[in-house]
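Structure first, then comments.
The values are calculated or read from the model by the stated rules, or taken from the named source; none is laboratory data. Owing to the predicted nature of the structure, the values given are computational and were not obtained by experimental measurement. Here the Cβ is made from the backbone with ideal geometry for all residues, glycine too, and neighbour counts use every protein chain on show.
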Amino acid sequence: MGIPGVQLDVTDLQVETQQRVKEGDSVTLTCKSSCSLPEQTTFIWYRNTQRITERTVNQLHLQSVSRSDTGDYRCAVTGQQHLISPPVYLNVEYSPQSVSVSVSRSGVIVEGDSVTLNCSSDSNPPALNFSWIKENETSAVGSGQSFSISSFNSSFSGRFYCEAQNKHGSQRSASVSLTVKGVQRDALLTVSGIVAGCGGLIFIIIIIIIIIIIIVFIKRKKRRGGTEDGNQKQAADASDDTYTALDPASRTSDVYSTITSVQSRAPDDSYTALELQSRSSEYETLAVTSADPH
């Protein structure tokens, strides 16, 4: 009431700390108030609305902070939790981690393809410097988060990796292998276009060719089988003739019969002639003797 009136100041708890720290540093957070607080006041600390500790002093010490300590910090006085301080963000920075490379083209890379390599990392602040290295090369072959090869050929084949860097350090990725395989993709696309354009006609022609090949194969196989059977039969006949020649008794041909007849008759005729001659002589002797009166 009246002039000059009454000045009213409203104060609350405040958190003071370094807002940017590096991973591995030690950090102290202080809960302050412009009001006079009892000596045995207990302070409660929160990180991202989660209660983390309760202390009888107004300071929170974090030893060797890590990225998991990043977040909003607040403080309050026990019994007056509804009078919580405004949040203060603690930003923990760190060098690149989990650096990896991905290839834009999946599957087989053929000559003439356009290939892009992308580098990613987990870092705070984000990495801005990227270098691309090829194994067995003395200097970087490219820079930037993406590395593109417009027309890939065998000279580019090899293992590649990237190096990400921010103000706190750098890290290299695992290498990826790029190798040219097959013919030029343009040729493949041309063939594919022709096949797609012809559609069913090409398919029918292919089926007919396959059927013809199968028929020719079967005929050749049968012909080969017949030739082998004929050869076996001739061999069997030759074997029979040879055996028969060695075993004349089994032959019934006219030639063999004639030879046998001649051989069997010749001795008989000779013997008969000699026998008749001998008998004739004896008969003549007997006849002379019987005619003689003396």
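Here 98, 155, 151 are screened, and the one residue that is loosely packed, with under 12 Cβ neighbours inside 10 Å and either in contact with a Pro (Cβ under 6 Å, 6 or more places away or on another chain) or within 25 Å of residue 20 (Cβ to Cβ) (or both) is 98. The condition (being surrounded by fewer than 10 Cβ atoms within 10 Å (Cβ to Cβ) and either over 16 Å from residue 81 (Cβ atoms) or of a type outside the set (Phe, Trp, Tyr) (or both)) is satisfied by just one residue among 64, 26, 34, 68: 68.
In region 107-114, is there at least one residue being surrounded by fewer than 15 Cβ atoms within 10 Å (Cβ to Cβ) and in contact (Cβ under 8 Å) with a residue 60 or more places away in the chain? Yes, there is a match, as at least one residue in region 107-114 is surrounded by fewer than 15 Cβ atoms within 10 Å (Cβ to Cβ) and in contact (Cβ under 8 Å) with a residue 60 or more places away in the chain. Identify all residues within region 168-191 that are at pLDDT 85 or above and surrounded by 13 or more Cβ atoms within 10 Å (Cβ to Cβ); write none if there are none. Answer for region 168-191, where residues must be at pLDDT 85 or above and surrounded by 13 or more Cβ atoms within 10 Å (Cβ to Cβ): 168, 169, 170, 171, 172, 173, 175, 176, 178.
Exactly one residue among 133, 109, 149 is touching a helix residue (DSSP H, G or I) at 6+ places or on another chain (Cβ under 8 Å) and over 30 Å from residue 31 (Cα atoms), and that residue is 149. Among the residues in region 72-91, are any crowded, with 16+ Cβ neighbours inside 10 Å, out of contact with any Asp or Glu (no Cβ under 8 Å at 6 or more places or on another chain) and charged (D, E, K, R)? Yes. The residues in region 1-27 that are among the polar types (S, T, N, Q), under 19 Å from residue 77 (Cβ atoms) and touching a strand residue (DSSP E or B) at 6+ places or on another chain (Cβ under 9 Å) can be counted, and the count is 2.
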